[in-house]
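Engineer: My questions will all concern the structure given below.
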Amino acid sequence: MVLMAPSNEAELCHAVATAISIDDRPSCLRFPRGTGIGVDMAAAGVDPATFKGKPWEIGKGVVRRSGRDVAFVCYGTLVNSALEAAEVLQQQAGVSATVVDMRFCKPLDTDLLRQLAREHEAIVTVEEGAIGGFAAHVMQFLALDGALDTGKLKIRPMTLPDKYIEHGTQADQLAEAGLSSSHMAATALSVLGRKDAVASVRAAAGTRMV
């Protein structure tokens, strides 16, 4: 079984092309809610006339931003919010964040996860899913692979809470769920032991972080 979650409109086209190309096992993808973010489709490898994408390499993620302190390991559209959080963390707190678009929950990019575990003090997984989803897959792999044995790597999962979310815009629902870019920045600072910087980062970000 192949599980995919695209992060924007161009990635959605590629995910559909990937699903079409898979003929040896079941596959599924999460169709994102809301509108696109204005990606240049041609630059992203999508035919703007037909919206035909190109199949991904199965089980391989993409590093969207490189850092050294904390890694946001994202599954789905929240990659974009993580990029916003990473920018504010760098400018306001001097925290260097990596942002990874995993693309796949199954199979996981285990080589990339090993690299992230070696090169960062902390990992924050981000998904529009409930407890027991993408984060659980990531943490089980890291545990079985021995990445947690020394106690040096810190991990925080960010998932949908186990409660009813009121109807509203996507941004409002994510804010209620604690999955906004502001929440991501605060989580990263907390896991790094920089709780003193949370209030100042939020204040400095203002309306940039929702």
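The values are calculated or read from the model by the stated rules, or taken from the named source; none is laboratory data. Predicted model only: the values in this text are computed from it and were never measured. Note that we place each Cβ from the backbone using ideal geometry, even for glycine, and neighbour counts take in every protein chain shown.
Engineer: Closer than 23 Å to HIS137 by Cβ, buried (at least 16 other Cβ atoms within 10 Å of the Cβ), touching a helix residue (DSSP H, G or I) at 6+ places or on another chain (Cβ under 6 Å) and at pLDDT 95 or above: does that describe ALA44?
Structural biologist: It is false that ALA44 is closer than 23 Å to HIS137 by Cβ, buried (at least 16 other Cβ atoms within 10 Å of the Cβ), touching a helix residue (DSSP H, G or I) at 6+ places or on another chain (Cβ under 6 Å) and at pLDDT 95 or above.
Engineer: Still on this structure, please answer the following. What number of residues within the range 71-85 are of a type in the set (A, V, I, L, M), part of a helix (DSSP H, G or I) and more than 8 Å from the chain's Cα centre (by Cα)?
Structural biologist: 2
Engineer: Now for a different question. Look at the range 17-70 and say how many of its residues are out of contact with any strand residue (DSSP E or B) (no Cβ under 9 Å at 6 or more places or on another chain) and assigned to a loop (DSSP other than H, G, I, E, B).
Structural biologist: So the count comes out to 28.
Engineer: Restricting the range 86-105 to residues that are within 15 Å of the chain's Cα centre (by Cα) and farther than 22 Å from HIS14 by Cβ, which is surrounded by the most Cβ atoms within 10 Å (Cβ to Cβ)?
Structural biologist: Across the range 86-105, the extreme among qualifying residues is ALA97.
Engineer: Now for a different question. Hey, which of the helices (runs of 4 or more DSSP H) in the range 120-210, taking only ones fully inside, have at least 2 residues that are touching a residue at least 24 places away in the same chain (Cβ under 8 Å), over 17 Å from MET102 (Cα atoms) and not small (Gly, Ala, Ser)?
Structural biologist: Passing ranges, in order: 170-177, 181-191.
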